[in-house]
Structure formats: structure tokens, C-alpha cells
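Engineer: Before I ask anything, here is the structure I am working with.
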């Protein structure tokens with residue numbers, strides 16, 4: 001069973017709350033739930049929709065065809081009717097969102113007490129909500145499927161940004177600075193909400209340039225410091241990224257991608273900034289670039305970013321995207337957090353190449369020595385990275401068909417390749433890149449590249465690092481601001497198998 | 001530990017930056033003699049001739065990027081509110097590349113001291129005009145002469161709500177006096193040093209300056225301060241020019257370190273985030 005439910009309406013009509021309520025109830029019944037959000041850059045009106053997919057099996061993506069559509073406005077029906085499966089159910093009308101929550105619970109044979117519990121937890125407008133919900137529940141006569149309680153272990157239900165925030169807290173973060181920018185903003189609000197309870201300083205300051213320079217200032221006093229932004233804000237930070245590189249200042253930078261260039265498509269998803277994360281900032285300096293594929297990996301990789309930045313005094317970039325940052329995933333396993341020492345001391349730091357005293361130097365010998373020390377450190381970082389999962393393998397381990405990707409595409413790929421003759425290689429460490437491991441997994445195989453961008457940037461990294469080129473006909477690229485859908489992706493990959 | 005650095009200064013002979021260096025070291029040394037430790041201080045400099053001061057004082061800190069002294073100082077104060085942070089910028093640093101931070105520094109009011117070495121020229125790049133260079137100034141990059149009026153940093157800082165606004169001439173005694181007052185002040189202190197560049201912008205201000213203190217200027221009166229700020233507009237001095245020097249305005253305001261309970265705890269226990277075990 002894999003059921004897709006679409007909730008659509010104007011911003012402000014509450015499709016998000018509706019999705020959350022159903023999602024949490026299903027998770028509590030032991031189902032795997034995944035939902036993504038498609039919303040426009042506006043506050044009221046327009047057209048927003050969420051797609052929730054659930055199953056008894058692990059689920060990390062949506063499909064293109066819907067079993068149920070909840071249309072809170074006429075526009076939703078007009079835009080999405082064609083996605084409804086034959087025999088699917090369309091709930092529409094001009095009632096409030098909780099009325100439809102009632103009908104939905106009935107459609108799935110979920111007991112009304114479960115909805116009541118969710119609404120109680122929601123607190124807001126409980127008295128009105130419960131009356132509305134009961135009306136919907138009583139009026140619904142159909143049945144789509146019968147949800148039966150599966151087990152009582154309650155896994156976590158969270159999005160990527162919550163994973164990043166949790167990971168930062170578990171890594172002992174002291175300070176988080178940011179300037180608001182979708183889709184990184186939720187980390188700022190998540191941490192801000194917990195700042196007193198967890199004793200963290202969370203501050204929004206005047207620009208991304210101020211953010212990264214304040215972070216450098218805090219970090220050199222010994223504070224574990226993290227910052228977050230999206231592509232445009234990251235662009236502004238890059239001069240100071242280079243500063244952190246030469247001065248050897250630990251920094252954890254969360255880069256949540258959205259489609260560019262420039263303002264691009266502000267509230268949609270894409271993976272166009274991989275090469276920027278690798279190469280931004282002038283000069284040659286060390287950095288870590290790591291890419292989680294679900295909220296559990298967000299927690300784990302955030303802790304690894306803190307570890308590497310403190311251990312090697314380098315900037316560590318965690319790269320995600322809107323689809324991962326804002327979609328909700330059901331996670332059965334607990335994350336494996338890496339402990340990091342707080343080991344930075346206040347001394348003499350410099351943006352110039354420096355001598356032993358920490359003063360600017362133009363001495364050729366010292367410059368050469370400093371550069372060579374950085375190159376040596378690069379090797380040490382690469383060696384240490386081998387102790388972590390730099391890539392992960394899924395599917396049929398000995399298959400000659402290999403799908404390779406990074407980041408949020410993991411969800412759709414894992415769901416799409418079920419029962420196919422395919423091995424999926426997910427790359428988590430972009431810098432340092434697991435060259436030997438990659439050669440071992442890819443050599444002599446039919447490589448299929450899947451990326452949410454137009455040029456196949458990971459493919460270029462693979463070519464650069466291993467000398468293996470992926471043919472254009474073997475690239476599955478999506479660059480319309482939307483995430484991959486499992487059923488469509490399965491068809492595309494199917495066509496490229498050997 | 002001594003404040004003296006092993007690095008030999010590369011400023012031009014008789015550069016007024018030597019006056020600033022001596023004054024800063026004298027004041028910090030007196031603070032150390034009366035109980036503070038070297039480790040309690042941190043210095044931050046930008047990029048330009050002024051920034052070489054970082055190499056000539058043996059204190060911790062960072063010689064950071066052009067224009068980014070202020071957010072770096074803010075970050076250091078928020079990282080450890082017990083540090084005595086002193087920032088140094090040039091006029092390019094403070095009024096061109098880093099202008100946005102100047103206004104916000106007044107708004108945050110973190111407790112650190114900030115010197116702007118204003119020589120009205122980009123000296124280390126051999127003599128281009130800055131936002132405080134007078135109309136008509138010519139160099140290779142501006143053969144037609146500067147067309148725009150200089151900004152008035154004193155008026156700007158007063159308008160931005162800065163609680164300590166001062167200007168001094170690049171003379172050791174003047175700098176020491178105002179710096180000592182700034183150290184006593186709790187909050188963000190803005191001190192501009194009017195410091196002619198002997199190579200690229202050698203204007204004689206010495207005969208034009210007068211002390212606000214000697215003329216009984218009421219430094220608690222914002223309106224008066226604003227009037228005094230308007231007396232000199234950074235143009236080439238004429239026969240009538242009079243340049244007020246000293247503290248234009250001084251008033252304590254809430255500091256950002258005292259607005260967050262997390263930071264108040266650090267201050268109370270005299271620790272930084274580095275001492276918080278988790």
C-alpha cells in the first residue's frame with residue numbers, strides 16, 4: 001500500500017496544519033509518512049499545496065498520481081484534478097480545513113479519538129476545530145483504505161531543517177547567527193525558540209556579510225559557532241569564507257539551496273550550488289562540503305561538520321536544499337552523533353599570510369611553508385574522513401546498473417528503485433571526495449546520474465576526481481524547481497538500464 | 001608578556017600612525033598596571049595603513065578583512081563579553097566598504113572601543129579618494145577631481161544613536177585622554193582620529209582645531225553635539241575653519257550584552273562560551 005494525498009488551497013487556508021495533523025496521526029499508528037510542501041513566495045492567497053505519501057514500508061518521496069485530493073479552494077480542483085487516480089476521492093467545498101480533517105480520518109477508517117488527540121496537541125482553536133472536525137467525520141460515508149494500528153514505537157517525524165537544528169544542539173553549539181533567507185530560515189527560528197532552554201545565543205544581524213564576520217569573531221574566542229543561509233546569502237559570505245580558510249577559523253555553515261541564478265525561484269527546490277560550495281572564496285584553502293539526504297543524516301552530518309571544523313580549524317559546509325529542508329520524513333532509527341571537542345583558543349589571527357608571531361609576512365620561504373602546511377592538512381582531512389560514511393550503498397549491491405546522486409534526491413531514488421536490478425550510490429562527502437571508494441563502486445558499470453540541476457554537477461565532480469565521464473544520455477536531470485517523484489523517476493531510470 | 005611586538009614598523013617615517021600606536025599602548029599598559037591582564041584584551045584591525053597597528057602591538061585578536069572590523073568586534077564581544085575589545089579601521093574601511101556595519105554598531109551598542117584613522121585617502125593603494133575626501137581632490141584615478149561632498153561621520157554617528165562620539169587629532173596626548181574616557185564608558189565608543197597622510201593628503205589641521213572641553217561643551221546635549229558636528233564638513237580648511245575636537249556626545253545606553261540572559265550569565269561568572277561545558 002502506498003497512498004498519496006494532496007492538500008491544496010490559498011496561503012492562509014491552513015493546508016499545512018491539515019497535513020501535519022494527518023501525518024502525525026499516521027506516524028503514531030506505525031506508518032511511514034513523507035510530505036513535501038509546494039508554496040509560492042506570498043503570504044496570503046495564491047496556490048499552495050502539500051503532498052503526503054504514506055505506506056507500511058519506508059517512504060521518503062511522493063508520486064505523481066493522487067488517491068485523495070483535498071481542495072480547500074476551486075483553484076486546487078482545477079489545477080490538480082488530472083492527477084487524481086481513477087476511483088480516487090476528491091474532497092471539495094468551502095468548509096474550513098478541520099472539516100476536511102474529519103472526512104479524511106473517516107476515509108482512512110481512523111478512529112475519531114486519534115483526530116481529537118492531534119487537535120488537543122495543536123491547542124489553538126481547539127473548541128471550534130473539534131466541532132468542525134466531528135461534522136466532517138460524521139458526514140463522510142466512503143472508505144479509501146483501512147488503517148490498522150501497526151506498532152507502538154513512535155519514530156520521529158521531522159524535516160531537514162529540524163534535523164540540522166537538532167544536530168547543532170547535540171554537537172554543543174554556542175552561537176548561531178543568520179540573516180533570514182528561504183529555505184534556511186527555519187533553522188534560525190527552531191534554534192531561536194530553544195535558545196534559553198538550551199543556553200545558546202541565536203541572533204539575526206544586519207547582513208550575511210555581518211553574519212559570517214561576527215561568526216569569525218565569536219569562533220576565535222572559542223565559541224562553537226554556526227551560521228545558515230541560501231545561495232545568494234552564501235555568495236555574500238564568500239570573502240570571509242576565504243578568511244576562515246587562511247586564518248584557520250572553525251566555522252559551520254549551513255547552505256540550504258534553492259533554484260538560482262540570482263533570486264531564481266525563491267520557495268522551490270534545486271541542487272545548483274554544489275560547485276559553488278566547493279570552489280567559492282578566492283585562493284586555495286581547506287574546507288569540508290558534506291551533503292545529507294534525510295533529516296537523520298542532517299543531524300549526523302551537522303555533528304561531523306562541528307567535528308571537522310574544530311579538529312582541523314576549517315570552514316565546514318553542510319549543503320541541503322528546500323526539498324530536504326522543509327519536507328517531513330518518518331525516521332525509525334536514532335542518529336549517530338559525532339562528539340567534537342571545543343578546542344579553539346584566542347590568539348593572533350590574520351587575513352594575511354603570517355609569520356610565527358601571527359603578523360603579516362611577505363617572506364617567500366614562510367609563504368611556501370604555510371601553503372604546504374595547508375596542503376598537508378588537506379591530506380589529513382581526507383584520511384580522517386575515511387572513518388565516516390562518505391558514501392552509502394542501497395539496492396542490489398552487485399548490480400551493474402548504478403544510480404549515483406547526492407542530497408535530497410536520495411528519497412525518490414530509494415523509493416523508485418525498489419525491486420529493480422540497481423545499485424544506488426549516495427555521495428555524502430563531496431569534499432574530501434571518496435575517490436577510491438567511488439572508483440570501486442563505479443568502474444565497469446552502467447552509471448546513471450540523477451540530480452536536481454541542469455548540468456549534472458556531481459557528474460563533473462566524479463569526472464574531475466576519478467576520470468570517469470558519465471554520458472549525457474545517462475543523466476536524469478530535473479531543473480524546474482520541483483523535486484523528483486518516485487513513480488516518474490522509476491520510469492526514467494527503467495529506460496536507462498542495461 | 002609585553003605589549004611590544006618584535007615586528008619593525010613599516011609606516012612612513014613620521015607617519016601620524018606612530019602617535020596612535022604610542023597612545024594605545026600607553027593606555028592599555030596603564031590598564032594592565034592597575035590590574036587587567038594582557039589576555040583580557042583583544043584587538044581587531046581592517047586593511048590599510050592603519051591596520052599595521054595589529055602587528056605592532058603584542059595582543060591577541062585578528063587582522064581581518066577590509067570593512068569588516070565592526071561585525072568581528074561584535075562577534076568577539078558576544079563570544080566572550082568579558083574581553084576588552086578595541087577595533088581599528090581606516091576611513092575606507094569604516095565609511096566605504098564597511099559603512100552598513102557602522103550604523104548597526106551604534107544600534108547594537110556592544111561594549112567595545114572603535115578608532116577610525118581618518119586620513120581622507122586610500123593611502124596603502126597609493127592615494128585614491130575615500131568618502132571623506134574633499135571636492136576637487138585629484139589623483140590618477142580621478143583626474144577630473146572628486147565631484148561629491150564628503151560625508152560627516154560625526155553627524156552620522158550622532159544620528160545613528162551612538163552613545164559615545166568623539167574626534168581627536170592624531171596626537172598622542174589627545175588620543176590617550178579620549179581613549180581613557182572611552183574605556184570608562186560602558187558601550188560602543190566611536191573615536192575618529194583626524195590624521196593627515198603626510199604623503200597623499202597632507203592638510204594642515206593643527207592650527208584649525210580647538211578643544212570642546214575647553215569651551216565648556218555640554219556633551220550630554222545631543223542637539224548641541226549635532227551643532228558642533230556641523231562646524232567642520234571635512235572640506236579643505238579656509239581662513240575661517242574651526243575644527244572641534246574631543247567628546248561631542250556621551251550618554252550610556254542599554255548594551256546588547258545585557259539584553260540576553262545567556263550573555264548576562266557569562267558576564268556574571270566572568271567566562272566566555274569556551275568555558276561552557278555541554
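Engineer: Please report the Cα spread of region A:447-492 along all three principal axes, rounded to whole Å, starting with the longest.
Structural biologist: 32, 20, 13
Engineer: Have a look at the DSSP beta bridges in chain A and tell me what percent are antiparallel, nearest 5. Kindly include the intermediate steps, with their values, before the conclusion.
Structural biologist: Values: 29 of 72 bridges.
Bridges in chain A are about 40 percent antiparallel.
Engineer: Per residue Cα convex hull volume for region A:309-377, in cubic angstrom?
Structural biologist: Details: hull volume 10.8 nm³, N = 69.
Convex hull volume per residue, Cα atoms: 156 Å³.
Engineer: To continue, here is another question. Over its Cα atoms, what ratio of radius of gyration to 2.2 N^0.38 Å does region A:158-385 give? Let's see the in-between values first.
Structural biologist: Numbers: Rg = 17.0 Å, N = 228, 2.2 N^0.38 = 17.3 Å.
This ratio for region A:158-385 stands at 0.98.
Engineer: Largest first, please: the extent of the C-alpha atoms of region A:2-154 along each principal axis, to the nearest Å.
Structural biologist: For region A:2-154, the Cα extents along the three principal axes come out at 39, 35, 30 Å.
Engineer: Treating each Cα of region B:158-262 as an identical point scatterer and ignoring solvent, apply the Debye formula and state log10 I(q)/I(0) at q = 0.12, 0.13, 0.16, 0.25 Å⁻¹.
Structural biologist: Log-scaled intensity ratios, in q order: -0.44, -0.51, -0.74, -1.47.
Engineer: Fewest Cβ neighbours within 10 Å first, please rank B:28, B:178, B:146 accordingly.
Structural biologist: Values: B:28 22, B:178 26, B:146 17.
So the residues, fewest neighbours to most, are B:146, B:28, B:178.
Engineer: Within a 10 angstrom radius of the beta carbon, how do B:238, A:238 rank from fewest other beta carbons to most?
Structural biologist: Least crowded to most crowded, the residues run B:238, A:238.
Engineer: If you count the DSSP beta bridges with both ends in chain B, what percent of them are antiparallel, to the nearest 5? Provide the component values of the computation, followed by the final result.
Structural biologist: Details: 8 of 35 bridges.
DSSP beta bridges in chain B are roughly 25 percent antiparallel.
Engineer: Given 10 °C and 1.306 mPa s, compute D for region B:51-102 with the Stokes-Einstein relation, Rh being the Kirkwood radius over Cα pairs; round to the nearest whole µm²/s. Before the final figure, lay out the partial values.
Structural biologist: Details: Rh = 11.5 Å.
In µm²/s, the coefficient is 138.
Engineer: Dividing the alpha-carbon Rg of region B:27-77 by 2.2 N^0.38 Å yields what?
Structural biologist: Details: Rg = 11.7 Å, N = 51, 2.2 N^0.38 = 9.8 Å.
Against the empirical 2.2 N^0.38 Å value, I get 1.20 for region B:27-77.
Engineer: Further, regarding this structure: Put one equal scatterer on each alpha carbon of chain B, apply the Debye formula with no solvent term, and list log10 I(q)/I(0) at q = 0.17 1/Å to two decimals.
Structural biologist: Debye output, listed in q order: -1.45.
Engineer: Which semi-axes, in whole Å and largest first, does the equivalent ellipsoid of region B:1-108 have when worked out from the alpha carbon gyration tensor as the square roots of 5 times its eigenvalues? Before the final figure, lay out each step's value.
Structural biologist: Details: eigenvalues 95, 75, 22 Å².
Over the Cα atoms of region B:1-108, the semi-axes work out to 22, 19, 11 Å.
Engineer: Given a cut-off of under 8 Å on Cα pairs at least six residues apart, what relative contact order in percent is computed for chain A?
Structural biologist: On the way: 1126 pairs, mean separation 66.9, N = 498.
Dividing the mean separation by the residue count of chain A yields 13 percent.
Engineer: I need the semi-axes of the equivalent ellipsoid of region A:70-158: take the C-alpha gyration tensor, multiply each eigenvalue by 5, square-root it, list largest first in whole angstrom.
Structural biologist: Semi-axes, largest first: 23, 18, 13 Å.
Engineer: Share of Cα-Cα pairs in region A:24-68 beyond 11 Å, in percent?
Structural biologist: Details: 685 of 990 pairs.
So the portion of pairs separated by more than 11 Å is 69 percent.
Engineer: Determine the relative contact order of region A:399-454: mean sequence separation of Cα pairs under 8 Å and six or more apart, normalised by residue count, in whole percent.
Structural biologist: Values: 61 pairs, mean separation 31.0, N = 56.
Relative contact order comes out at 55 percent.
Engineer: Let me ask another. Which percent of the Cα-Cα distances in region A:117-207 go past 18 Å? Spell out each step's value before the answer.
Structural biologist: Details: 2671 of 4095 pairs.
The share of Cα pairs beyond 18 Å in region A:117-207 comes to 65 percent.
Engineer: Same structure, new question: Using the C-alpha atoms of the protein assembly as shown, what convex hull volume per residue, in cubic angstrom, is computed? The partial results should precede the final answer.
Structural biologist: Numbers: hull volume 147.3 nm³, N = 776.
Output value, Cα hull per residue: 190 Å³.
Engineer: Separate question: Using the count of nearby Cβ atoms within 10 Å as a rough guide to exposure, how do A:109, B:197 rank from fewest to most?
Structural biologist: A:109, B:197
Engineer: Calculate the radius of gyration of the Cα atoms of region A:206-260 to one decimal place, then report Dmax, the largest Cα-Cα distance, as a whole number, both in Å.
Structural biologist: 10.8, 36
Engineer: Here is a further query. Return a whole-number percent for the relative contact order of region A:158-385, with Cα pairs under 8 Å and 6 or more residues apart as the contact set.
Structural biologist: Details: 489 pairs, mean separation 54.4, N = 228.
Reported as a whole number, the value is 24 percent.
Engineer: So, one more: Mind pulling up the Rg/Rh value for region A:263-313? Radius of gyration and Kirkwood radius, both on Cα. Could the numbers behind the result be given before it?
Structural biologist: On the way: Rg = 13.4 Å, Rh = 13.1 Å.
Radius of gyration relative to Kirkwood radius: 1.03.
Engineer: A further question follows. Kirkwood hydrodynamic radius, computed over distinct alpha-carbon pairs, for region B:38-166: how many Å, to one decimal? Show your work: numbers first, answer last.
Structural biologist: Values: mean 1/r = 0.0657 Å⁻¹.
Roughly 15.2 Å, rounded to one decimal.
Engineer: Nearest 10 degrees is fine. How inclined is helix B:69-79 to the longest principal axis of chain B, computing both from alpha carbons?
Structural biologist: Roughly 10 degrees, rounded to the nearest 10.
Engineer: Largest first and in whole Å, give the semi-axes of region A:321-418's equivalent ellipsoid, each being the square root of 5 times a Cα gyration tensor eigenvalue.
Structural biologist: On the way: eigenvalues 362, 70, 39 Å².
Values for region A:321-418, descending: 43, 19, 14 Å.
Engineer: Provide Rg over Rh for region A:1-41; use the alpha carbon set for both Rg and the Kirkwood Rh (inverse mean inverse pair distance).
Structural biologist: Details: Rg = 11.2 Å, Rh = 11.3 Å.
Using only Cα positions, Rg/Rh for region A:1-41 is 1.00.
Engineer: Measure nothing fancy, just the Cα-based angle from helix A:160-170's long axis to the longest principal axis of chain A, in degrees from 0 to 90, nearest 10.
Structural biologist: It is inclined by approximately 50 degrees.
Engineer: Taking every pair of Cα atoms in region A:391-494, average 1/r, invert it to obtain the Kirkwood radius, and report Rg/Rh to two decimals.
Structural biologist: On the way: Rg = 12.4 Å, Rh = 13.5 Å.
Across region A:391-494, the Cα-based Rg/Rh ratio is 0.92.
Engineer: Send over the per residue convex hull volume for region A:428-471, Cα only, as a whole number of Å³.
Structural biologist: On the way: hull volume 3.5 nm³, N = 44.
Measuring per residue, one finds 79 Å³ for the Cα hull of region A:428-471.
Engineer: To the nearest 10 degrees, how steeply does helix A:295-312 sit against the main Cα axis of chain A, on a 0 to 90 scale?
Structural biologist: 10 degrees
No lab work stands behind these numbers, since they all come straight from the coordinates. Every value quoted in this text rests on a predicted model; they were computed, and no experiment measured them. Ideal geometry is used to build each Cβ from the backbone, glycine not excepted, and the neighbour counts take in all protein chains shown.
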